[in-house]
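> Below you'll find the structure I mean.
The values are calculated or read from the model by the stated rules, or taken from the named source; none is laboratory data. What you see is a predicted model, and the numbers here were worked out from it, not measured in a lab. Cβ sites come from the backbone with ideal geometry, for glycine too, and all protein chains shown count toward neighbours. Calculation scope for accessible area: heavy atoms of the full protein, side chains included, ligands and nucleic acids excluded. Shrake-Rupley method; radii C 1.70, N 1.55, O 1.52, S 1.80 Å.
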Amino acid sequence: MADGGGCATPVARAVLQQCLQARLQVKPQDEHQQAQWVQIERGMVLYVCFLKGATEDILPKMVSALLNVRVCEAASGKMVSLAELPGSLLVVPQATLGGKAKGKAMQYHHNVAKEDGMRLYERFVDLSAAGVAVEHGTYGNRQVLHIQTNGPYTHLMEF
């Protein structure tokens, strides 16, 4: 498995973005109710995608690496992990991270099947919640995201 840049074929991708605040729509407005949102304050937005070959075996390694990598800026200016900040995590399912350009279009043939992706995503969220306060998006839905940062400090990790 790749570990943030190794040469093995990745089975998962994650993009991390530190934030001062983030708000994610998890259910759109309809004729019966207002849109539903989740929100975090200072912490990290994490976009996650599972690729073919991903199994639950990779999840503990992913969670540990993502919660402990030093990509959050503390008040002192020192880079710390989300666990050290302390901060909250907003997990956003992002199947588009598995896309590859073919001509002028994107294809997603390398993503896991939707049912497998949903199962892996739900387990990933559960494991993450053991380490930090977590909010999360809805797998398989388009979601509206509002994010406030003190600079685009974005990282891609592959597993």
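> Take the conditions touching a residue at least 24 places away in the same chain (Cβ under 8 Å) and not charged (D, E, K, R) and apply them to residue 99. Does it pass? First the steps, then the outcome.
Details: touching a residue at least 24 places away in the same chain (Cβ under 8 Å): no; not charged (D, E, K, R): yes.
Taking the combined requirement at face value, the residue does not satisfy it.
> Here's something else I'd like to know. What is the residue count in the range 103-128 for residues that are under 26 Å from residue 61 (Cβ atoms) and open to solvent by less than 60 Å² (accessible area, probe 1.4 Å)? Steps first, please.
Pass one, the range 103-128, residues under 26 Å from residue 61 (Cβ atoms): 108-128.
Next cut, open to solvent by less than 60 Å² (accessible area, probe 1.4 Å) only: 111-113, 117, 120-121, 124-125, 127-128.
Total satisfying the criteria: 10.
> Continuing with the same structure: What is the residue count in the range 138-159 for residues that are in a loop (DSSP other than H, G, I, E, B), modelled with pLDDT under 95 and out of contact with any Gly (no Cβ under 6 Å at 6 or more places or on another chain)? Don't jump to the end; show me each part of the working.
First, the residues of the range 138-159 that are in a loop (DSSP other than H, G, I, E, B): 138-144, 149-153, 159.
With modelled with pLDDT under 95 added as a condition, the list becomes 138-144, 149-153.
Checking which are out of contact with any Gly (no Cβ under 6 Å at 6 or more places or on another chain) leaves us with 138-142, 144, 149-153.
Total satisfying the criteria: 11.
> Considering only residues that are part of a strand (DSSP E or B) and more than 13 Å from residue 66 (Cβ to Cβ), which ones fall in the range 80-91? Break it down into steps so the answer makes sense when it comes.
Taking the range 80-91 first, the residues part of a strand (DSSP E or B) are 80, 88-91.
If the condition is that a residue be part of a strand (DSSP E or B) and more than 13 Å from residue 66 (Cβ to Cβ), then 80, 88 are the ones that fit.
> Looking at the range 48-79, which of the residues that are part of a loop (DSSP other than H, G, I, E, B) and of a type in the set (Lys, Arg) is farthest from the chain's Cα centre (by Cα)?
Filtering the range 48-79 for residues part of a loop (DSSP other than H, G, I, E, B) gives 52-55, 69-71, 74-78.
Those still in the list that are of a type in the set (Lys, Arg) too: 52, 70, 78.
Numbers: 52: 17, 70: 16, 78: 23 Å.
The extreme case among them is 78.
> Something else about it: Which condition breaks for residue 82 when tested against (1) open to solvent by less than 50 Å² (accessible area, probe 1.4 Å); (2) at pLDDT 95 or above?
Only one criterion in (1) open to solvent by less than 50 Å² (accessible area, probe 1.4 Å); (2) at pLDDT 95 or above is unmet by residue 82, namely (2).
> Is there a residue in the range 113-132 that is at pLDDT 95 or above and among the aromatic types (Phe, Trp, Tyr)?
Within the range 113-132 (the criterion being at pLDDT 95 or above and among the aromatic types (Phe, Trp, Tyr)), the answer is yes, since at least one residue qualifies.
> Please find, within the range 1-23, the residue that is modelled with the lowest pLDDT out of those that are assigned to a loop (DSSP other than H, G, I, E, B) and crowded, with 16+ Cβ neighbours inside 10 Å. Spell out the reasoning first.
Filtering the range 1-23 down to residues assigned to a loop (DSSP other than H, G, I, E, B) leaves 1-11, 20.
Add one more test, that the residue is crowded, with 16+ Cβ neighbours inside 10 Å, and what stays is 1, 10-11.
Details: 1: 44, 10: 94, 11: 97.
The qualifying residue modelled with the lowest pLDDT is 1.
> Return yes when residue 76 is open to solvent by 80 Å² or more (accessible area, probe 1.4 Å), out of contact with any Leu (no Cβ under 8 Å at 6 or more places or on another chain) and among the small types (Gly, Ala, Ser) and no when it is not.
Judged against the criteria, residue 76 is a match.
> Being touching a helix residue (DSSP H, G or I) at 6+ places or on another chain (Cβ under 7 Å), open to solvent by less than 60 Å² (accessible area, probe 1.4 Å) and not charged (D, E, K, R) narrows it down to one residue among 92, 48, 26; which is it? Step through it out loud before you land on a result.
On the way: 92 fails: touching a helix residue (DSSP H, G or I) at 6+ places or on another chain (Cβ under 7 Å); 26 fails: touching a helix residue (DSSP H, G or I) at 6+ places or on another chain (Cβ under 7 Å).
None of the other options fit; the residue is 48.
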